[in-house]
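Novice: If you scroll down you'll find the structure; I have some questions about it.
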Amino acid sequence: MRRFLPLFVFVGTLLLVSCGGKKEVKKDPWDEYAPKVQEMFDEAVSKNDTAALKALTDSLYAFFKTHPDSVSKEGRKKALYFACNWSFAALDWDRVIKYCGEFVSRYPSSIKAEDAYRFIGFALLQQKRWDDVIKLMESFIKEYPESSNLGYAYKYLGLALSHKGRYAEAKKALKKAKTMLEVLGAYDEIQAIDDMLKKLGG
């Protein structure tokens with residue numbers, strides 16, 4: 001029996017190697033996709049090609065939807081946020097509302113959700129959906145009381161309230177917005193608020 005011992009040792013070693021070796025690391029599709037996305041974005045911006053930018057946001061959203069098992073969950077999150085952000089850059093309000101809306105729904109605790117809310121608020125203003133702006137900004141102010149975007153939220157709220165004829169509430173919101181935006185040095189925003197306050201009588 002002793003002469004068979006080396007064979008058993010050899011077979012056992014093979015089993016250990018085959019079972020205990022390194023597992024193959026699964027590639028994350030985002031790692032391959034991200035550089036291409038950046039190139040497409042840079043090209044679209046350099047050519048001021050809004051159509052290409054919109055197509056890129058659709059591609060990003062498709063990546064988010066079709067890679068639920070992506071190794072990097074952050075990759076999917078980034079794809080959705082870029083779809084949201086770059087829709088805003090393309091001034092495509094329908095896409096902003098769709099993509100940013102899904103971002104805040106899926107990732108409400110992300111710091112980028114605060115930007116996404118601001119983009120949605122601005123898009124709704126452009127579409128003159130005053131009631132939706134009021135509802136969304138009031139919710140944002142309640143849910144994110146420490147956000148650096150509160151100045152924008154109060155501005156959008158004030159503008160929507162003024163269009164609804166709720167002038168006293170509008171002035172109050174706009175004055176809060178002005179105070180908060182002064183801290184950020186957003187002087188163009190402040191000038192617009194001053195102009196609106198003059199129309200509202202103070």
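Novice: When segment 146-178 is examined, which residues are found to be among the charged types (D, E, K, R) and more than 22 Å from the chain's Cα centre (by Cα)? Reasoning before the result, please.
Specialist: Looking only at segment 146-178, we keep the residues that are among the charged types (D, E, K, R), and these are 146, 155, 164, 166, 169, 171-172, 175-176, 178.
Lys164, Arg166, Glu169, Lys171, Lys172, Lys175, Lys176, Lys178 - these are the residues of segment 146-178 that are among the charged types (D, E, K, R) and more than 22 Å from the chain's Cα centre (by Cα).
Novice: Report yes if some residue within segment 175-186 is crowded, with 23+ Cβ neighbours inside 10 Å, under 25 Å from Phe82 (Cα atoms) and modelled with pLDDT of 95 or more; otherwise report no. Before the answer, list the steps.
Specialist: Narrowing segment 175-186 to residues crowded, with 23+ Cβ neighbours inside 10 Å: 177.
Checking the rest, the ones that are also under 25 Å from Phe82 (Cα atoms) come to none.
No: segment 175-186 contains no residue that is crowded, with 23+ Cβ neighbours inside 10 Å, under 25 Å from Phe82 (Cα atoms) and modelled with pLDDT of 95 or more.
Condition check ((1) under 30 Å from Leu60 (Cβ atoms); (2) loosely packed, with under 14 Cβ neighbours inside 10 Å; (3) outside the structural domain of Lys54 (by TED's automatic domain parsing)) across all residues:
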residue: Asp92; (1), (2), (3): yes, no, no
residue: Ser109; (1), (2), (3): yes, yes, no
residue: Lys112; (1), (2), (3): yes, no, no
residue: Ser139; (1), (2), (3): yes, yes, yes
residue: Pro145; (1), (2), (3): no, yes, yes
residue: Tyr154; (1), (2), (3): no, no, yes
residue: Ala160; (1), (2), (3): yes, no, yes
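Novice: Something else about it: Taking only pairs six or more apart or across chains, which ones have beta-carbon atoms under 7 Å, a first residue in segment 151-166 that is small (Gly, Ala, Ser), and a second residue that is in a loop (DSSP other than H, G, I, E, B)?
Specialist: Gly151/Ala186; Ser162/Leu200
So that you can scan it fast, the table gives a plain yes or no per residue for (1) of a type in the set (A, V, I, L, M); (2) closer than 24 Å to Glu146 by Cβ; (3) touching a Ser or Thr at 6+ places or on another chain (Cβ under 9 Å):
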position: Glu74; (1), (2), (3): no, yes, no
position: Trp86; (1), (2), (3): no, no, yes
position: Asp115; (1), (2), (3): no, yes, no
position: Leu124; (1), (2), (3): yes, yes, no
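Novice: Which of the numbered conditions does Tyr107 fail, given that it passes all the others? Conditions: (1) modelled with pLDDT of 95 or more; (2) over 22 Å from Leu181 (Cβ atoms).
Specialist: Only one criterion is unmet by Tyr107, namely (1).
The values are calculated or read from the model by the stated rules, or taken from the named source; none is laboratory data. In this text the structure is predicted, and so the values were computed from the model without any measurement. Glycine gets a Cβ as well: all are built from the backbone with ideal geometry, and neighbour counts include every protein chain shown.
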